[in-house]
Each structure stands twice: as structure tokens, then as C-alpha cells.
1. Looking at the range 32-54, which of its residues are in contact with a strand residue (DSSP E or B) (Cβ under 9 Å, 6 or more places away or on another chain), within 18 Å of Ser13 (Cβ to Cβ) and loosely packed, with under 12 Cβ neighbours inside 10 Å?
2. Does the range 26-36 include one or more residues that are without any contact (Cβ under 8 Å) to a residue 24 or more places away in the chain, among the hydrophobic types (A, V, I, L, M, F, W, C) and in a loop (DSSP other than H, G, I, E, B)?
3. Can you pull out the residues in the range 37-69 that are of a type in the set (Ser, Thr, Tyr) and assigned to a loop (DSSP other than H, G, I, E, B)?
4. Does at least one position in the range 12-30 carry a residue that is small (Gly, Ala, Ser) and at pLDDT 95 or above?
5. The conditions are (1) surrounded by 12 or more Cβ atoms within 10 Å (Cβ to Cβ); (2) out of contact with any Gly (no Cβ under 9 Å at 6 or more places or on another chain); (3) charged (D, E, K, R), and Asp29 fails exactly one of them. Which is it?
Amino acid sequence: MTVDFSSARWRKSSRSTEEENSTCVEVADLGVAVGVRDSKNPHGPKLALTPSQWHAFATQIKKGRLDLP
């Protein structure tokens with residue numbers, strides 16, 4: 001899937017902090033995909049997930065299955 005990120009409107013959770021060392025991701029609704037990037041490196045790599053992939057990812061996060069030890 002080829003995705004154009006040039007017009008993406010990135011946002012992060014309202015629960016994220018503005019601390020320099022915070023570990024946050026930003027997401028963008030791209031229509032056919034959901035864009036994901038590291039908020040500390042906005043010009044770095046970006047992921048494009050299908051809506052079903054995003055849903056599965058978010059579900060795993062909410063269940064705590066991706067928490068770091």
C-alpha cells in the first residue's frame with residue numbers, strides 16, 4: 001500500500017505529557033490507512049496501518065499486552 005503522508009494531520013493522546021523524555025506516538029487518519037509516528041522524531045519513519053490492523057493494535061494496547069516489563 002502506498003500512502004501519502006504529506007497532508008497528514010498528526011495528533012497524540014490527550015493523556016500524553018509534554019515532557020522531553022515522554023514516549024508518545026502520534027496518529028493521523030489518512031482515509032485508507034492510519035499513520036503512526038514517534039512524536040520525538042516527526043521526520044523519521046512512519047507506519048501505515050489498515051483500519052483493521054490499527055484496531056487490533058489498539059486492542060492489544062488497551063489489554064496491556066504490549067506493556068514493557
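The values are calculated or read from the model by the stated rules, or taken from the named source; none is laboratory data. No experiment lies behind these values; they were computed from the predicted model shown. No Cβ is skipped: glycine too gets one built from the backbone with ideal geometry, and neighbour counts run over all protein chains shown.
1. Hit for the range 32-54 is Pro42, nothing else.
2. no
3. Across the range 37-69, the qualifying residues are Ser39, Thr50.
4. Yes; the residues of the range 12-30 include at least one that is small (Gly, Ala, Ser) and at pLDDT 95 or above.
5. With respect to (1) surrounded by 12 or more Cβ atoms within 10 Å (Cβ to Cβ); (2) out of contact with any Gly (no Cβ under 9 Å at 6 or more places or on another chain); (3) charged (D, E, K, R), Asp29 is out only on (2).
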